[in-house]
């Protein structure tokens, strides 16, 4: 059984462990101070909001949403920025439940769209994403 709820201060240790795993997955390094600030923002619910998934009382995943205005929508959009489920329990419904939590939160805020991106080689995630959302024809560009 998967339970999804808003992230709280009591989730800090579990979230930091999963955040480190998430960064390892994407071969990224960020300062600890950044993670600390992010977690604090998530527990405040602004500018980001977050949910965790629990199974048998253990936090096994998280998702972060970033609501923002849009020039194409009077109500704004929600960017699903981070989604991670512990590798040992993937394909058990936590990812879908976390996505649904973001969708419901966005809907409750009156936002007109939830969107996200992933690495094109992330086949495990893409199997789920292809079931719950529409693959966009847009190409992602960035400048670092």
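Filter region 107-117 down to the residues that are within 21 Å of residue 60 (Cβ to Cβ) and surrounded by fewer than 13 Cβ atoms within 10 Å (Cβ to Cβ) and list them by number.
none
What number of residues within region 80-106 satisfy the criterion of being farther than 18 Å from residue 122 by Cα and either surrounded by fewer than 20 Cβ atoms within 10 Å (Cβ to Cβ) or modelled with pLDDT under 95 (or both)?
Here the count works out to 4.
List pairs: first in region 31-44 and more than 14 Å from residue 65 (Cα to Cα), second modelled with pLDDT of 95 or more and in a helix (DSSP H, G or I), Cβ under 7 Å, 6+ apart or cross-chain?
Taking only residues 6 or more apart or on different chains, the pairs are 35/16; 35/19.
Quickly run through region 1-30 and pick out the residues that are loosely packed, with under 12 Cβ neighbours inside 10 Å and free of Cβ contacts under 8 Å to residues at least 40 places away in the same chain.
9, 10, 13, 24, 27, 28, 29, 30
The values are calculated or read from the model by the stated rules, or taken from the named source; none is laboratory data. Please read these numbers as outputs of a predicted model, since none were measured by experiment. Every residue, glycine among them, receives a Cβ derived from its backbone with ideal geometry; neighbour counts consider all protein chains shown.
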